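Step one of this worksheet: look at the structure below.
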Amino acid sequence: MEERSPSEQLPETSAGRASFLDKLISTGFGSGLSPIAPGTAGSVVGLLFYGIDGFEKPYIIIPAIMVFFVWGSYAAGKMEKVYGHDPSRVVIDEVIGMWISLVFLPKRMLLVAIGFLVFRFLDIFKPFPASYFDKKHGGLSIMLDDVICGIYANVLIQLYLHILK
């Protein structure tokens, strides 16, 4: 169970306020408020969107990644000002990382499950340069470590499908 750090318990001040919409987006539609494994909950929300018929099509998922990356970076930055460095409740980065790990892959249940497991593994262990961005402050850095893990996951699955299989 991931515990909230004291810095995440800070009340909102005039120095940092996040709107309802910023909170909704940054928390992955509320999944980041899960008291148990909020990052995993955010990844599951990514899977739920991916499960929508047609969402996997590049002309839908790529613009969704781009829009939510920009919006998520802004919202995550606002939330960090309120709740401290890379608050666990901010999981829009996991949502996007999950999408990136599945983009350009056949939409098959086994691959989706593998994508989920590989992405979660990489997100927990943060191989370089994800670990670099994980230590930095700001909404962009919050997003980039999971984007990198999503890219790594996708590349590993693509290698498996096209070279190792």
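Would you call PHE29 modelled with pLDDT under 95 and within 13 Å of the chain's Cα centre (by Cα)? Yes, satisfied. When SER19 is tested against (1) at pLDDT 95 or above; (2) polar (S, T, N, Q); (3) more than 26 Å from PHE125 (Cβ to Cβ), exactly one condition is not met: (1).
Cβ-Cβ contacts under 6 Å between residues 6 or more apart (or on different chains), taken from a first residue in the range 45-58 that is in contact (Cβ under 8 Å) with a residue 12 or more places away in the chain and crowded, with 18+ Cβ neighbours inside 10 Å to a second residue that is assigned to a helix (DSSP H, G or I) and among the aromatic types (Phe, Trp, Tyr), are listed as GLY46/TRP99. Within the range 119-165, the residues that satisfy the criterion of being over 18 Å from PHE104 (Cβ atoms) and among the polar types (S, T, N, Q) are SER131, SER141.
Annotation for the range 16-39: no member residue is surrounded by fewer than 18 Cβ atoms within 10 Å (Cβ to Cβ), under 25 Å from VAL118 (Cβ atoms), of a type outside the set (Phe, Trp, Tyr) and in contact with a helix residue (DSSP H, G or I) (Cβ under 8 Å, 6 or more places away or on another chain). Can you spot a residue in the range 125-135 that is closer than 19 Å to ALA41 by Cα and surrounded by fewer than 14 Cβ atoms within 10 Å (Cβ to Cβ)? Within the range 125-135, one or more residues are closer than 19 Å to ALA41 by Cα and surrounded by fewer than 14 Cβ atoms within 10 Å (Cβ to Cβ). The residues of the range 138-165 that are part of a loop (DSSP other than H, G, I, E, B) and in contact with a helix residue (DSSP H, G or I) (Cβ under 7 Å, 6 or more places away or on another chain) amount to a single one, GLY138.
For the range 93-136, filtering for residues that are under 11 Å from ALA153 (Cβ atoms) and part of a loop (DSSP other than H, G, I, E, B) leaves 3. Among the residues of the range 48-69, the one identified as aliphatic (A, V, I, L, M) and not in a helix (DSSP H, G or I) is ILE52.
Kindly evaluate GLU94 against the criterion of being modelled with pLDDT of 95 or more, among the acidic types (Asp, Glu) and under 12 Å from the mean Cα position of the chain (by Cα).
Spelling it out, GLU94 is indeed modelled with pLDDT of 95 or more, among the acidic types (Asp, Glu) and under 12 Å from the mean Cα position of the chain (by Cα).
Applying the criterion of being touching a residue at least 40 places away in the same chain (Cβ under 8 Å) and more than 18 Å from VAL90 (Cα to Cα) to the residues of the range 59-73, the residue that is surrounded by the most Cβ atoms within 10 Å (Cβ to Cβ) is ILE61.
The values are calculated or read from the model by the stated rules, or taken from the named source; none is laboratory data. If you're wondering where the values come from, they're calculated on a predicted model, not measured in any experiment. Please note: Cβ atoms are built from the backbone with ideal geometry, for glycine as well, and neighbour counts cover all protein chains shown.
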